[in-house]
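The values are calculated or read from the model by the stated rules, or taken from the named source; none is laboratory data. The shown structure was predicted, so the numbers you read here are calculated from the model rather than taken from an experiment. Every residue, glycine as well, gets a Cβ built from its backbone with ideal geometry; the counts of neighbours run over all protein chains shown.
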Amino acid sequence: MHSTLLQLPRAVWHARIAWFYPIWTTITIIAAISSGWIVANAPIPSPQSVEEKPTKPRLYLWTRGNIAALTLLALFLACYIEVVVVKWEDFADFDDSYFTLYTLKGRNFGPPIWNAMGRFFPFGHQEFNLIGRLTKSNAGYHVFPIVQVLILCCILLALAHELSIGVRTALIAIILIFPSLIVCFSGLVYPDRNVVFWVTCLAFFVSRFERTHATVWAVASVICGQIMIYYKETAVFLLAGFAISRLVLRYWSARTARLKHTLLGNKESVLDLCFISLGVFLFLYYAAAMFPRPNLAYVDLMGVSRLAAITFYVEVDPLAWVFVSVVMYRTYRIMRHQVQPELLWDGLAYGGAVCFTSYLILGLIQVYYTAPIDLVAVLYLARLAFRSWNMMPRYRRAIGLGLACIFIFYVGVLSALRLYERKNLIHAKAKIADVIKDRVLNSTRNEHRLFFPFTKLYILSEFASYLTYRGIPLEVGTDDPETPGGVVIASTSASKDMPCEPYISIMCRAAARPEPGDLVIGLPDDAESAAEIDRYRNAGAPIYQYSPLPRIPGWLFPLVNNLRAIAILENERQGIPDRWLRASVTLWK
């Protein structure tokens, strides 16, 4: 018996990655039960120890104005789902090999715990293991983000209860058109979308708990926090910043020394300590999973200098900087006891600011990284603005409204550019796959070769995995003579005959030039100039050419190039290529 008890911890240690789900489930059950018991037995905070909550105005839901606002929101969501989430979608996006190589083939994609890269986001893409058992269609896969965005809107309508229905619907529309949110809800591979969803649920449950002090809301918020931090490493900074700042603000705002000494024992403080404990358990699990060689290889590979990170986020997300500035100014006023803190909203603000700062320190830049931060920023800034609106002079209102309109227009332009580029990249690759499939399956030739003169290996491997999903048999690396060959992929980017990427078995053969009969393919995300691509296209017989839809006039291209930081195909030295989003298939003679 004693030896068995000793072997169990050893077995858990050796299987700490393979047994992620049992370990996580155990931690979650313990956290839910213990937090429920502790919160239930903690005293209710005294009225003097918390902020004075503003009286909730009596709002009548079914008025003409509210019905009109909700109707417009429903129409907006219908258009949003069609244009952003559904239109031209296919498994041809970057990193969609997670699906074409795994879930679409009935294979589960394991929890992303990658020791070599220092990555630990075990819930990333896990929902699609179940979805892949139910459907193989792209539309079926997008049902999940559609349901998420609808639930998110319902929660936001209930969360911002102090604002009118018209204001709430307008804020929801503004939040959803942010570039970070557009990217998260249009693509499938972004775990940040789930962070947005779960932080919204957490805020809603905490707000319910603050008003009722019912244990069930505390347990629900703890479960939301536990799920959220396993979707993205930086989500723990958001949760920790939220919880720690609430404890500090609660202590600072207490009016007497006696209240300060009793703060850690009340229900709300105990709940914040439970959130902090979730972050501690995550850190311990992360350290154990990375043992014995913890590293930040992913940051070293993908990170940029802090100056470059600051420049990037100034261009693509100026709201984050306004948000951080307001948080700093409000901190100053709170420290001077000029304003009373609001623990839920100020806590969310500090959590968002800490999360944003972590990206600057690490030098990680992507448009979608700031999705949770943008959500918090819009709600926080709008709430502060509307609470002080009636006290503002008219000229300040006019200036504020004008700046807000300019900012929303700028955000809309950035989002439109990003969405336009992404949709055309996917649509072009789908059309090229149609041409290749028709050529291969309806040809009498026994051998076919696809030549990619400029495509990088990563992009090529993603496109190759999409071709296999479309039913095009490609050559795979094998020494078995009985294994049938397939369509050969040749590329100037390959230094030798090898798999296109280590995670894929499809072969990329090294070739300096095309051979007669090759299909020479220029993908829309090739970075070379139009002149370089035309050398191949003019030397063969054109089969197919793709131009982006709708067509952008030439005089607008300089404007697009000035906003290149938001673009997928941005090159910091050369800008957007002059053949932006154009693609072609040519038969080499």
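In table form, for the structure just shown:
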| item | result |
| --- | --- |
| When residues of the range 324-373 are limited to those that are in contact (Cβ under 8 Å) with a residue 60 or more places away in the chain and of a type in the set (Phe, Trp, Tyr), the one nearest to residue 189 (Cα to Cα) | 368 |
| Residue within the range 540-562 that is assigned to a helix (DSSP H, G or I), under 23 Å from residue 180 (Cβ atoms) and not polar (S, T, N, Q) present | yes |
| Of residues in the range 514-547 being loosely packed, with under 13 Cβ neighbours inside 10 Å and without any contact (Cβ under 8 Å) to a residue 12 or more places away in the chain, the one nearest to residue 436 (Cα to Cα) | 538 |
| Matching residues, the range 106-124, being in contact with a Ser or Thr (Cβ under 9 Å, 6 or more places away or on another chain) and not hydrophobic (A, V, I, L, M, F, W, C) | none |
| Close pairs from the range 272-288: first closer than 18 Å to residue 232 by Cβ, partner of a type in the set (Val, Ile, Thr) and not in a helix (DSSP H, G or I), Cβ under 8 Å, at least 6 apart | 278/229; 279/229; 282/229 |
| The range 176-204 residues that are within 23 Å of residue 95 (Cβ to Cβ), paired with ones that are of a type in the set (S, T, N, Q) and part of a helix (DSSP H, G or I) (beta carbon under 6 Å, 6 or more apart) | 179/415; 180/370; 182/415; 197/148 |
| Sole residue being assigned to a strand (DSSP E or B), touching a residue at least 40 places away in the same chain (Cβ under 8 Å) and either under 32 Å from the mean Cα position of the chain (by Cα) or surrounded by fewer than 20 Cβ atoms within 10 Å (Cβ to Cβ) (or both), chosen from 488, 411, 440, 435 | 488 |
| Test: residue in the range 36-52 that is small (Gly, Ala, Ser), at pLDDT below 75, out of contact with any strand residue (DSSP E or B) (no Cβ under 9 Å at 6 or more places or on another chain) and buried (at least 16 other Cβ atoms within 10 Å of the Cβ) | yes |
| So residue 506, is it assigned by TED's automatic domain parsing to the domain that holds residue 445, closer than 23 Å to residue 440 by Cα and buried (at least 18 other Cβ atoms within 10 Å of the Cβ) | yes |
| Count of the range 171-211 residues which are out of contact with any helix residue (DSSP H, G or I) (no Cβ under 8 Å at 6 or more places or on another chain) and not charged (D, E, K, R) | 1 |
